[in-house]
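Colleague: Provided herewith is a single structure, encoded as C-alpha cells, for subsequent inquiry.
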Amino acid sequence: MAFVRFAYPTFRGGRFEGNALPVDVLPELSAYREVIVDLAKYLFIQSHPTRQRVPRGFVDSFRLVLRNVEPGSARPILELLVPDQDQPALLFGDDYFARARDQIANAVHAASARQALPNDFPRALIPQFNQFGKSLRPNEYIELRDPAHEIGPRYDRDTRRYLILQYRPEYEASVDLIAEIRGGVLDREQITFRLPDGTIIDAKAPESAVQEIFPMVPSQVRVIGSGVFDQNDRLKSIVHIEELTATEDDIPVPTPLADRIAQLGALQEGWVRADSRPLDQRLLTVFSNFIGALLADGTIPPPFVYPTPEGNVQAEWSFPSWEVSVMIVAATEMVCLHAVHLDGDDDREIELPAAPHDTVTTLRGVLLECVR
Amino acid sequence: MQKSIGMPIAPRYLITVDNELLHRNAHPTFVDNGRPSSQVFCLTEDDRGQLSTQQNSKASAEVAYQRYTARGLQSCGIWSVTILECKSLDLSAYDDPVIDDNSHAVIDLTAFNNSQARKRTNTLAANARSRGCQYKALE
C-alpha cells in the first residue's frame, strides 16, 4: 500500500492558532470527505449517463486517512491509501474524487467572493455544506489547500452561510447560548426554550432527555449544540443538543433583553439625578436591534444592560479574564466597545457606527476573543 | 462629591490597612438581577478624579447604606473593594471625612486619563462583584 497526498484543509484562527487540531473538530474532516464522496458519485453518473449508480467499490476506493498535522495553524495532511503502484484515476477511468475536491474549492472560492456558484456545481449537493463547517466559530476558517496549490479558498461561517443560502432560505450552525427551559413534549421529542430576547424556540431531543428536563422548568440553562438560522441570522430551532447544563444559582443571569429594554424605557425624569431625562425611545430601539443582531448566531452570551447617567445605553459582559462593555451613544448612535483584561495591561477600545452589518461582525469577533 | 471638611490628598491621610473594605452604594437602576454595573465604580465629572467610598472600619456596610440613603440618595445595596485591590491597580485611598459621614474616603484617580481611569474602575467593579453584595437593602 502507498500514500498519496490529497488535500490539506488548513484550520486557522481561534482554537487553531496553537498549531494543534482540537479533537472536537475532527468530524469536520469526516463531513468534508462526505461532500467529496457525494460530488464524486454525481460526477461519475454524469460521465456515465446510462448508469443509475456508481460501480461496486467506488466509494470504498476513496480511503482517506490522516497521518499527521503540520504546523501553520492546524494543517491536517489528508492522504489517500492506494494499492502499490496504483493511482485513484486508474481504478474508474478518471479521478472523480480529485475533480470533486477541486469543484468544491471552486464553489467555496465563488461563495467567498459572494459570486454565483460555478454552473457545473450541482445545486442539490449544497445542503451537504450544512454538515461541513458547522462547528466553525466566527473567528475561525478552513483554507482548502491541496497538493497543487499553496493557498486555497477560505471557508468560514459567512462563506458557508452564503453558499447554503443560495439553495434554501435557512442554514445550520453551532449554538452556545443561555436560555430558560419552558417545557417539553415527550411524544414530539421536543424541548421548548425561551431566549433572552423573549423568542420561544423548540429543540429536538430524545425522549429520555425531554423527561430529564421537566424538573428543571423554568430554570436557566446553557445549551451547546447546533441550530437552524434564517436568512437574517435569527435562530429558528435547535436541531441537536450536545450539552445542556443548569447555570449556577449564584451566578446572576441578565434580565431578558426585551424585558430590560421595557424597564429602561419606563425610566422617568430624575431617575438617577435631578436633571436625568427619560431614555430616548429611538435609542432603545437601535440598541435592542444591535444587541439582537450581535446575539443572533448564539455565540455571544446575553449581556447585562444598563442606562448611563448621560442617557446612553450600555451592555456589559463579565468573562473569566475580561470585562467588556458595548455602549450606544444617544447623540451620535456610535457604538463604543471597551474591554479590559483583568490580569494584565491588555485592553481594547473601538468606536464604530451602529448601523452597518460590519460593525456587528467586528464587535462579535472581539467579544469572541474575550470569551475564550 | 460631598463637601470635605479639610483633609486633602496627602500622605498622612493615606489608608494603609490592606484588608480595609471600601464601600460603594449602588443605584437600583445600575443593578440587574443582582449584578452591579461597572458604572457603580465609574467616575463622574462631579467626582473630579476622586471616587467616593466609605471605610468599613468606620461604617459597616449596613451603616454605610443608612448614611447614604439618609441623604436622600437611592441605593439597593453595597459592593466593596479592598485597599490591597486598589494598590494592585496603582491606586491610593485617602481618609476624607465629610460633615455627615466620618467614614468617607476617596480613591485617587487624578493621575490617570479617562481611559486609564476607566480601566481601573472596571477592574475594581469586577473585584467587587467577585466579593459579592456586602449589604442588600430590604425590598
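Colleague: Would you tally the residues in segment A:133-154 being open to solvent by less than 40 Å² (accessible area, probe 1.4 Å) and either touching a residue at least 60 places away in the same chain (Cβ under 8 Å) or of a type in the set (A, V, I, L, M, F, W, C) (or both)? Reasoning before the result, please.
Modeller: Initial filter on segment A:133-154 (open to solvent by less than 40 Å² (accessible area, probe 1.4 Å)): A:133, A:135-136, A:140, A:142-146, A:152-153.
Within this subset, residues satisfying the condition of being either touching a residue at least 60 places away in the same chain (Cβ under 8 Å) or of a type in the set (A, V, I, L, M, F, W, C) (or both) are A:133, A:135-136, A:140, A:142-146, A:152.
Summing the residues that are open to solvent by less than 40 Å² (accessible area, probe 1.4 Å) and either touching a residue at least 60 places away in the same chain (Cβ under 8 Å) or of a type in the set (A, V, I, L, M, F, W, C) (or both) in segment A:133-154 gives 10.
Colleague: When you check A:ILE178 against the structure, is it within 14 Å of chain B (Cβ to nearest Cβ), open to solvent by 20 Å² or more (accessible area, probe 1.4 Å) and part of a strand (DSSP E or B), yes or no?
Modeller: Spelling it out, A:ILE178 is indeed within 14 Å of chain B (Cβ to nearest Cβ), open to solvent by 20 Å² or more (accessible area, probe 1.4 Å) and part of a strand (DSSP E or B).
Colleague: Out of all the residues in segment B:105-139, which are modelled with pLDDT of 95 or more, more than 12 Å from chain A (Cβ to nearest Cβ) and touching a Pro at 6+ places or on another chain (Cβ under 9 Å)?
Modeller: B:ALA105
Colleague: Which number in (1) touching a residue at least 12 places away in the same chain (Cβ under 8 Å); (2) within 14 Å of another protein chain (Cβ to nearest Cβ); (3) crowded, with 20+ Cβ neighbours inside 10 Å marks the one condition that B:ASP32 misses?
Modeller: (1)
Colleague: Still on this structure, I have one more. Out of the residues in segment A:277-325 meeting the condition of being acidic (Asp, Glu) and closer than 14 Å to B:PHE30 by Cβ, tell me which one is nearest to the other protein chains (Cβ to nearest Cβ).
Modeller: A:GLU316
Colleague: What is the number of the single condition among (1) at pLDDT below 95; (2) within 14 Å of chain A (Cβ to nearest Cβ); (3) surrounded by 17 or more Cβ atoms within 10 Å (Cβ to Cβ) that B:THR82 does not meet?
Modeller: In the conditions (1) at pLDDT below 95; (2) within 14 Å of chain A (Cβ to nearest Cβ); (3) surrounded by 17 or more Cβ atoms within 10 Å (Cβ to Cβ), B:THR82 misses (2) alone.
Colleague: Given (1) away from every other protein chain (no Cβ under 14 Å); (2) over 24 Å from B:VAL63 (Cα atoms); (3) open to solvent by 40 Å² or more (accessible area, probe 1.4 Å); (4) touching a helix residue (DSSP H, G or I) at 6+ places or on another chain (Cβ under 8 Å), where does B:LYS87 come up short, assuming only one miss?
Modeller: Going through (1) away from every other protein chain (no Cβ under 14 Å); (2) over 24 Å from B:VAL63 (Cα atoms); (3) open to solvent by 40 Å² or more (accessible area, probe 1.4 Å); (4) touching a helix residue (DSSP H, G or I) at 6+ places or on another chain (Cβ under 8 Å) one by one, B:LYS87 breaks only (4).
Colleague: Go through segment A:100-132 and count every residue that is more than 17 Å from A:ALA7 (Cβ to Cβ) and open to solvent by less than 20 Å² (accessible area, probe 1.4 Å).
Modeller: Going through segment A:100-132 one residue at a time, the tally reaches 7.
Okay, residues lined up against (1) over 19 Å from A:ALA179 (Cα atoms); (2) of a type in the set (Gly, Ala, Ser):
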residue: A:ASN232; (1), (2): yes, no
residue: A:LEU244; (1), (2): no, no
residue: A:THR247; (1), (2): no, no
residue: A:ARG260; (1), (2): no, no
residue: A:ALA274; (1), (2): yes, yes
residue: A:ASP280; (1), (2): yes, no
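Colleague: Go through the residues of segment A:259-271 one by one and say whether even a single one is β-branched (Val, Ile, Thr), closer than 15 Å to A:ASN312 by Cα, part of a helix (DSSP H, G or I) and within 13 Å of another protein chain (Cβ to nearest Cβ). Show your work before the answer.
Modeller: Applying the first criterion (β-branched (Val, Ile, Thr)) to segment A:259-271 yields A:261.
Then drop every residue that is not closer than 15 Å to A:ASN312 by Cα, which leaves A:261.
From what's left, part of a helix (DSSP H, G or I): A:261.
Next, only the ones that are within 13 Å of another protein chain (Cβ to nearest Cβ) stay: A:261.
For segment A:259-271, residues β-branched (Val, Ile, Thr), closer than 15 Å to A:ASN312 by Cα, part of a helix (DSSP H, G or I) and within 13 Å of another protein chain (Cβ to nearest Cβ): present.
Colleague: If the requirement is being open to solvent by less than 40 Å² (accessible area, probe 1.4 Å), hydrophobic (A, V, I, L, M, F, W, C) and in a loop (DSSP other than H, G, I, E, B), which of these qualifies: A:VAL54, A:VAL35? So that I can check it myself, show each step before the final result.
Modeller: Details: A:VAL35 fails: in a loop (DSSP other than H, G, I, E, B).
Result: A:VAL54 is the single residue among A:VAL54, A:VAL35 that is open to solvent by less than 40 Å² (accessible area, probe 1.4 Å), hydrophobic (A, V, I, L, M, F, W, C) and in a loop (DSSP other than H, G, I, E, B).
Colleague: Which residue out of A:ILE261, A:ILE200, A:ILE181 is at pLDDT 90 or above and in the same structural domain as A:THR299 (by TED's automatic domain parsing)? I'd like the intermediate steps shown before the answer.
Modeller: Details: A:ILE200 fails: in the same structural domain as A:THR299 (by TED's automatic domain parsing); A:ILE181 fails: in the same structural domain as A:THR299 (by TED's automatic domain parsing).
None of the other options fit; the residue is A:ILE261.
Colleague: Given the options A:ILE300, A:ILE224, name the one that is part of a strand (DSSP E or B) and closer than 30 Å to A:PHE129 by Cα.
Modeller: The conditions single out A:ILE224.
Colleague: Inside segment A:297-311, can you point out the residues that are within 21 Å of the chain's Cα centre (by Cα) and buried (at least 20 other Cβ atoms within 10 Å of the Cβ)?
Modeller: A:ASP297, A:GLY298, A:THR299, A:ILE300, A:PRO302, A:PRO303 - these are the residues of segment A:297-311 that are within 21 Å of the chain's Cα centre (by Cα) and buried (at least 20 other Cβ atoms within 10 Å of the Cβ).
Colleague: Quick test for you: out of A:PHE44, A:PHE6, A:PHE62, pick the one residue that is open to solvent by less than 70 Å² (accessible area, probe 1.4 Å) and within 18 Å of A:ILE142 (Cβ to Cβ).
Modeller: A:PHE6
Listed here are the residues, each with its yes/no results for (1) among the β-branched types (Val, Ile, Thr); (2) open to solvent by 50 Å² or more (accessible area, probe 1.4 Å); (3) out of contact with any Ser or Thr (no Cβ under 9 Å at 6 or more places or on another chain).
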residue: B:TYR13; (1), (2), (3): no, no, yes
residue: B:LEU21; (1), (2), (3): no, no, no
residue: B:ARG24; (1), (2), (3): no, no, no
residue: B:PRO36; (1), (2), (3): no, no, yes
residue: B:GLN39; (1), (2), (3): no, no, no
residue: B:CYS42; (1), (2), (3): no, no, no
residue: B:LYS58; (1), (2), (3): no, yes, no
residue: B:ALA61; (1), (2), (3): no, no, no
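Colleague: Can you pull out the residues in segment B:105-137 that are more than 16 Å from B:ASP32 (Cα to Cα) and either of a type in the set (A, V, I, L, M) or under 12 Å from the mean Cα position of the chain (by Cα) (or both)?
Modeller: Once the filter is applied, which keeps residues that are more than 16 Å from B:ASP32 (Cα to Cα) and either of a type in the set (A, V, I, L, M) or under 12 Å from the mean Cα position of the chain (by Cα) (or both), segment B:105-137 yields B:ALA105, B:VAL106, B:ILE107, B:ASP108, B:LEU109, B:ALA111, B:ALA117, B:THR121, B:LEU124.
Colleague: Another one. Kindly provide the set of residues from segment A:231-258 that are more than 16 Å from A:LEU295 (Cα to Cα), in contact (Cβ under 8 Å) with a residue 60 or more places away in the chain and not in a loop (DSSP other than H, G, I, E, B), ordered by number.
Modeller: The one that is more than 16 Å from A:LEU295 (Cα to Cα), in contact (Cβ under 8 Å) with a residue 60 or more places away in the chain and not in a loop (DSSP other than H, G, I, E, B): A:VAL239.
Colleague: With (1) more than 15 Å from the chain's Cα centre (by Cα); (2) closer than 27 Å to A:ALA296 by Cβ; (3) not in a helix (DSSP H, G or I) as the list, and A:PRO118 as the residue in question, which single condition is left unmet?
Modeller: Failing condition for A:PRO118: (2).
Colleague: Any chance segment A:221-243 includes a residue that's within 14 Å of chain B (Cβ to nearest Cβ) and out of contact with any Gly (no Cβ under 7 Å at 6 or more places or on another chain)? Let's see the steps before the verdict.
Modeller: Restricting attention to segment A:221-243, the residues satisfying the condition of being within 14 Å of chain B (Cβ to nearest Cβ) are none.
No, segment A:221-243 has no match at all.
Colleague: Which of the residues that make up segment A:329-349 are at the interface with chain B (Cβ under 9 Å from one of its Cβ atoms) and among the β-branched types (Val, Ile, Thr)?
Modeller: A:VAL340
Colleague: Also, quick follow-up: How many residues are more than 14 Å from every other protein chain (Cβ to nearest Cβ) and open to solvent by 40 Å² or more (accessible area, probe 1.4 Å) when one looks only at segment B:90-104? Before you say what the answer is, go through the steps one by one.
Modeller: Quick first cut of segment B:90-104, residues more than 14 Å from every other protein chain (Cβ to nearest Cβ) only: B:91-104.
Still in the running and open to solvent by 40 Å² or more (accessible area, probe 1.4 Å): B:92, B:99-100, B:102.
Qualifying residue count for the region: 4.
The values are calculated or read from the model by the stated rules, or taken from the named source; none is laboratory data. Note that the coordinates shown come from a computational prediction; the quantities given were computed from them, not determined experimentally. Methodologically, a virtual Cβ is constructed for each residue, glycine included, from the backbone with ideal geometry; neighbour enumeration extends over all protein chains shown. Only protein heavy atoms, including side chains, enter the accessible area calculation; ligands, DNA and RNA are left aside. Shrake-Rupley method; radii C 1.70, N 1.55, O 1.52, S 1.80 Å.
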